[in-house]
Structures are given as C-alpha cells and as structure tokens.
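Written out below as structure tokens is the structure these notes cover.
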Amino acid sequence: MTTVPNPAPPTRRRRVPLAPYLFILPYLLIFATFWAWPIVSSFLMSFKDSRLGATAGYGLSNWQRLLTDEFFRTALKNTVVILVIQVPLMLSLATTLAVALNSRLLRARGLFRFAFFAPLVVGTVAYSAVFRLLFNGEFGIVNRALAGVGLPEVDWLNQPGPAMAVIILAMTWRWTGYNAIILLAGLQGIPEDVYEAAAIDGATPWQSFWKMTLPLLRSTLLFCIVLAATVHGTSPDHQQWPRERHHDAGHVPVPAGLPVVQLRVRQRHRVRRGRAGRRVQLCAAAPVREGLMTAIKPAPAPAARPMRGKAARDRVSAVWLHLALIPLALLFLAPLWIMLVFSTHPETAIFSPNPPLWFGGAFKENFDGLQADTNFLRALGNSTVISVAYTLLSMLLTSLAGFAFAKYTFPGRNLLFGLILATLTIPTFVTIIPQFILVARDLKMSNTYWAVILPTLANTIGIFYMRQAFQTVPDDLLAAARIDGASEPRIFWQIALPVVRPALAALAILLFLASWNDYLWPLIVLTQKDSYTMPVALGTLVGLTRVSWGGIMVGTAIATVPFLMVFLALQRHFVAGIAGGAVKD
C-alpha cells in the first residue's frame, strides 16, 4: 500500500499594508510636484541654452562657463569661508549656552532663554537693516563706540574682510538661540542618573561635559551641523535614550571601551555605598559576565566633603555663571532694543551724533509713512492668512507622513525617507527658477496665496521632526488599539496625535515663523503691491539711494513684538515640545 504524501499547505503571500502609503501620499504629491520635478528640471536645464528663442542643446558649455566665471569662484570662496568660520562658532556658542541654561545654578532662566531665542523672531529684512545701521561706516553705532575709546573707525560694509565679519556676526546672532534651544532639549533628555553616577566616580564638571554630555549629544550636534551647513552626509543615529531604568536580573552586556559609569547607571538599583562612604560596590546578588569585574578597578572614593563647602562652591559658580551670561544676553537683546527705540524716533534722531537709547514720540508718524509707502496693513493681513494656512496644511502633511515613517514597516520606507532627507543638502536657489516657471507659467498662480503656500508645504525638517516625535509613542498602545478594532486613521487621530501634541505645538510655532519671515520666494512670485507679504513690503523700503529706516523699524516692531510676548509666556511649553521631537541618542 503506497502512502500519498500530504500536499504542502498553500503559501500565503504577505499583504503589503496600504495605510502607510495613504498617509504619505499627500506629502509625496506636493514633494514630487514642487521639489523633485524642479530639481530634475534644473539639472536638465543646465545642459540647454535658455536664451530667448534658442532651441538647440547647449551641452556642457553652461558648466564650463560657470566653473571659469570669476564672480562664481569668488562667491564660492566666500561661502566656504563663512561656512568654516560661522558654523563652528555658532554651534560652540549654542552648546555653551545650552549647558548654561540647563544648569541648576541658573536663576531667571526663562529670561535668559527669551534673550537668546528672541533674534529668531526677527525677519531677514529687519535684522539686515538693524546690522546695516549698527555697522554703517558714516553714522553707525559701532564706529561711534570705537571712536569713543580712541580706536580707528572701520568701513565695515564696503571692504571684503569687515563685510564678511559682519555677515558672520549677524548670522550667529540670529541662529545661535535656535540651535541652543534644540541642544537644550537634547540635554533635558539625558537622564540625571548619568551625572549622579559620574559624581560618585569623582568626575569634575569639565570631565562630565567632555566624557558624558558631548557623546550623548552627538546626534543632536550632527543634526544641527547638517541643518546649518547643508552638507552631504549620512543620517545620524536616531535611537532614543532609554528613560526607564533596566530592571533585568541577567547579564549586562558591556561593549569594549564602555565607561564603568554607564555600567553603574544600568545597575543603579543594585549599587550600594560602602561603609562610611568609602567606595561603591556591586551587590553580590547582581550577576555579571565573567571577566567584567576585571575592567572595574576598585578605588577608594574621594573623602567626603562637608556640605557647607559644596554650597559655598556652588554659590561662587553661580556668581561666575551669571556674570558671564548677563552681558551676553544684553548683547543679544541690544539689536532688538535699538529696533524698538528707533521705531519711535524720526530719522534725524537716528542719524544724530548721539543716537537715542530710550523711546520717543514719533511712532505714529513713522507708521503713517510706512502705511502710505507700502499699504502695510494689507501686507500684514496677507502674511497672516498665508502663514496660518501654511502652518495648518504643513502640520497635517508632515504629521501624516512622520507617523507612517515612524510606526510602519513597508517596502521602500528607507529609500523614500532618505530621498526626502537628501533635499536638505540642496540649496533653495537651485530650484527657484523651475519652481517659478511651474507656478507662474504652467499653473498661472502668480500673485495668489497658493503661489506662496504650495511650493513650501513639502517641509523636510517638519517630516523629520514629527518622525522623531512619533517614535516616542509606545507600540503597545497602538497594538492595543488595533486589538480593540480601531482603524488606522482613528489610531492616528485619536491616539498617536494627542500623545505628541507638545511637539506638534512647537513645530507649529517654527512653521509659522518660517512662513511669516519668508522673503525670497514671495518676492519672486508676488509682483502686485496688494499681494505683498509683510517682509516683501518692508523690503521695498530699502532702495539704492534711500532707506526708510523709521518705516522699517516700526514695521518690524509691529510684526515682532507679539511673537516675543507669546514666546516669553509659553517658552517652557515650547522647549518641552522641542524635546518631544529632538534628536537623541
């Protein structure tokens, strides 16, 4: 009797989930239309003769002409010099400020956060005008200060070296606080156990900074470097630092070179202080891997120091910390103060040998001139509508896509996310001409709100930020919702999105400020005076022969002060929201 083998069970093809693709689809449509295609179009356009009426291809002639153009070489050299000097200077200062703002010795830290973040609220036209006033060779405040102490005056704006120094200084002033807030959020994500264990080991604050703080901030620093310099590079490690203690009773894997302090952090609940505080020992009940203890050299702990001496040292450190931060905060606030004061004075007072340092009574006069020259109230309304619409739509698109990239595994996920992140390395001006042709000629949307909103909706920073935020949502929470029969859209709207609400609020502030202060793209697509946004309207006051300083100052004050007040009141929630989407190890 022959036995017939049982037929093999039919193999079931793994279903590819559709939900992540549907979540990403709205973002990809905007991205492909207003970013991917303009990039490809710009590259193809570089091989053609774009002169009016030309039809033949141009080959590599455009590239050859570009590489041999003296003006391009000079501009490239200046850009590299500014990049090499400004980015390290800014990030070094931002890191120092973040550590200082995170110190428990600092008092009135809310005021200090406000002082260092406030420059970000000021738009491009405004802070350019303020620094042009400060460093003017004829009537600038800086030259007057130099003359007051017997130093020679400098033609800051018309000589290459001094002009580059002013550019570096202005960029550092505006963007240091923004990077400091990101780094501060990263610092607040580092467990206190790390520093407590380092203190037990006798590490000095300087050693803790170099051996603990900087390594744990490496991904955040790398993100800030890429964001500031827009250079090519691989994505940083986005793993989250574990917030909970490890309560496993098994072996503790220790890679080569791992500091003993990290072992003690992981074994914190099994560490006891030796008799009379002489040394720290691992409890006998905690099993360790064979050979691990050879890496730990038991050494007597430093002698116990009286608390009175520690309190005295803390008071001295606090005094030095405040003595360093107060003058720096005043320097950051000085341009804003000058802007507000000059908005209340006529131009004759601004150019006087002794410029005013307190408020005057010409605010209404300056505003009337501004309204007559630019129809400023209409421009302010245009900016409000555009910024609100852009913020809401961009939050929706980036949240949907960020949730898909964070919580789903699907074919092409890494490729798509890598392509989106790669656009960070492409300068904006590369795509401006193809975008303008698409918006103005093909879609015929010039001088409309949509011409400003649509091309900027595919926000790469927003999608990266929301992906980081959604990674903090526990997978068990989403799995429980699926077991209860919740659909994928319902899980997104009612479960995941409320969890990341602080991060979403912080992103909304950043997106609104980016749209509110955007100058270049609205300048290109808005050609009618009634369609101008606020930065474009203020930009019309800067001419070749005359600059309406009073109008620029009063317009900037009106556009800036409300946001400064909002940030001063809600800064703690803003920092907490940034921490929710920050890059952590």
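The values are calculated or read from the model by the stated rules, or taken from the named source; none is laboratory data. Keep in mind the model is a prediction, meaning the values are calculated, not measured. Heads up, the Cβs are rebuilt from the backbone with ideal geometry, glycines too, and the neighbour counts pull from every protein chain shown. These accessible areas exclude ligands, DNA and RNA; they are computed on the full protein's heavy atoms, side chains included. Shrake-Rupley method; radii C 1.70, N 1.55, O 1.52, S 1.80 Å.
Peptide packing: for 130-140, 502-512, the average count of neighbouring Cβ atoms within 10 Å per residue gives the ranking 502-512, 130-140, highest mean first.
When each of the peptides 442-452, 461-471, 147-157 is scored by the mean number of other C-beta atoms lying within 10 Å of its residues, the order from highest to lowest reads 461-471, 442-452, 147-157. Once backbone amide H atoms are built at 1.01 Å from N, Lys48 has Tyr58 as its partners under 5 Å, excluding neighbours fewer than 5 places away on the same chain. Using a probe radius of 1.4 angstrom, the carbon and sulfur fraction of the accessible surface of region 127-240 is 64%. How large, in Å, is region 406-491 by the Kirkwood hydrodynamic radius built from its alpha-carbon pairs? Taking the inverse mean of 1/r over all distinct Cα pairs, region 406-491 comes out at 16.1 Å. With only the Cα atoms considered, region 354-503 has a convex hull volume of 223 Å³ per residue. For region 449-547, the per residue solvent-accessible surface stands at 44 Å², with DNA, RNA and ligands left out and a 1.4 Å probe. Which entries in Lys444/Lys529; Lys48/Lys529; Lys77/Lys529; Lys77/Lys444 show an alpha-carbon gap greater than 29 Å? Table pairs above 29 Å Cα-Cα are Lys48/Lys529; Lys77/Lys529; Lys77/Lys444.
All Cα-Cα distances of region 439-562, cut into 10 Å bins from zero to the largest, leave 11, 28, 25, 20, 12, 4, 1, 0 percent in each bin in turn.
Between Val84 and Glu153, the contour length at 0.36 nm per residue exceeds the Cα-Cα span by 22.1 nm. If you wrap the Cα atoms of region 508-557 in a convex hull and average its projected area over all directions, you get 4.1 nm². If I model region 349-400 as equal point scatterers sitting on the Cα atoms and use the Debye formula, what is log10 I(q)/I(0) at q = 0.20, 0.23, 0.26, 0.29 Å⁻¹? These q points yield log10 I(q)/I(0) values of -0.80, -0.88, -0.96, -1.02.
Here the translational diffusion coefficient of region 111-209 follows from Stokes-Einstein with Rh set to the Kirkwood radius across Cα pairs; for 37 °C and 0.692 mPa s it amounts to 197 µm²/s. Were the residues from Ser46 through Leu222 laid out at 0.36 nm apart, the gain over their Cα-Cα distance would be 60.2 nm.
Summarised in one figure, the compactness ratio Rg/Rh of region 310-439, Cα atoms and Kirkwood Rh, is 1.17. Give the carbon-plus-sulfur fraction of the accessible surface of region 401-545 in %, rounded to a whole number; probe 1.4 Å, heavy atoms of protein chains only. Taking all protein chains in place, region 401-545 shows 63 percent carbon and sulfur surface. Contact order for region 445-540, expressed relative to its length and based on alpha carbon pairs under 8 Å spaced 6+ residues apart, stands at 39 percent. Take 186-198, 408-420 and order them by the average number of nearby Cβ atoms within 10 Å per residue, most first; the result is 186-198, 408-420. Taking all protein chains into account, the per residue accessible area for region 132-203 stands at 44 Å² (1.4 Å probe).
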